[in-house]
Amino acid sequence: MPVYLKDEQLLELFLAVIFREAGYITGIPRRHIEGRCGIHQMPFLVIEKSLVPFNYDTVLIPKCVTGDYDNQWQQVMWLSGAVSDLQQARPKGFNPLPDVRGQSVGEYFHRIYGGTKADGEFLSVEYKGIVLVPGTSISAKVKQYAHGQGLTIMYMPDVYAEKKLDVWLNITRKQLYCSMENSTLKIKGLMHHTRKIFDYRHLLKKIRRQNQQLSPEEYHDLLTILSALLKEEQLRPLLNYLRKLVIGTIDAQPVLLEINSIPKTQLIIGAAEYYIDAAKRYKNRNLLLTKRLGFRGEVNRANGRALYHINLYPDENYYPVPEGLKDLRMALFLSGEQIDYIRENRACLKFMVKDGLNLAADIFLVK
């Protein structure tokens, strides 16, 4: 018996894991979020902690867009309407996240989106929508409409850990089905969740039936199950690959980067040493971004990939490269339009190495 989960549902869960591994506060609300005109069930939400690409008081709403032309229109229009409705519900005098005293951003997330709604709590943030596109499978008209509605587009690679995305989706469904046998949960990472075992078993049975609508609480539990399932032997290579991905921006457009050469710990140490002098002089972290690296890029479309990617490496010809970052090699996933933009303009790449530590670099394509 198969597991009836749509591709876009699993892709959104995968991206939620990517955001978490990249250091962002990410979660699925346990209830519907109320706007001005209605209530909305969010796929997952991300609180932007870093200086790029958005402000502290911004909550990102990613939505995966797949399927044929009509499905793409419906998904993008839903995202546009939900973001607009939530924005209009925000009161004029609202307090952004940095003004919340005595608690972390993560605690603030759970207080707002966790359990029963408290009056006005869900109104104190700004919302921004992100359209997630696997490969380059999006219509030009849909993309133009998304840009016109103020939505940003983020492209996802179609090859993960040397396997096609469709292969990983099928393996994930198979592992979700095999994770429960004779009403016994077999995922090691969930054995200590004694109070939720019954809910997990009920959810795993429910997704085996067709045309079942998941509640916000069940969708929240599904992310917990998938996070634990990725640590099992069959999906461990996928988790290791997702941990290599970093969320960045090129001129405020979110992008995915793959770190190919050094572990993230070495990247953190190298970036910290690079900014240590500026950190001593300036207390404002925004000023740290004035010190940049120079990345030379080579455009590649090998291995039959539908999505372009740029192989990046630091270049001493533009800016001095710290010793800890000389071996850094990254792959930046982009569409053909974004590559043309970089060719015509000097693009600034920014990404969060860890909470409070951001790396900025100018990209120069090889002629």
| query | Using modelled backbone amide H atoms (1.01 Å from N, in-plane), which distant-in-sequence or interchain residues come within less than 5 Å of Gly27's amide H? | reply | Leu45
| request: Tell me which residues come under 5 Å, amide H to amide H, from Asn358 once H is placed; ignore anything under 5 positions away on its chain. | output: Val353
| Overall form of the stretch 1-46 per C-alpha gyration tensor (a/c, 1.5; a/b vs b/c) | oblate
| Near-label residues of the stretch 341-367 by backbone N, under 19 Å of a point 7 Å along Cα→Cβ of Gln266 | 353-354, 359
| task | Multiply the residue gap between Arg36 and Ala140 by 0.36 nm, knock off their C-alpha separation, and tell me the result in nm, one decimal place. | result | 34.4 nm
| remark: Probe 1.4 Å, heavy atoms of protein chains only: per residue, the accessible area of the stretch 131-231 in Å² is 50 Å²
| field | Pairwise FRET efficiency - Tyr319 versus Ile197, Cβ, R0 = 41 Å, nearest 0.05 | value | 0.15
| query | In whole Å, what is the distance between the alpha-carbon centres of the stretch 139-169 and the stretch 215-278? | reply | 18 Å
| task | Would you mind checking Lys63/Lys141; Lys6/Lys63; Lys164/Lys186; Lys143/Lys163; Lys6/Lys205; Lys164/Lys354 for any pair whose Cα atoms are more than 23 angstrom apart? | result | Lys164/Lys186; Lys143/Lys163; Lys164/Lys354
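The values are calculated or read from the model by the stated rules, or taken from the named source; none is laboratory data. Note that the coordinates shown come from a computational prediction; the quantities given were computed from them, not determined experimentally. Please note: Cβ atoms are built from the backbone with ideal geometry, for glycine as well, and neighbour counts cover all protein chains shown. For accessibility, only protein heavy atoms count, side chains too; no ligands or nucleic acids. Shrake-Rupley method; radii C 1.70, N 1.55, O 1.52, S 1.80 Å.
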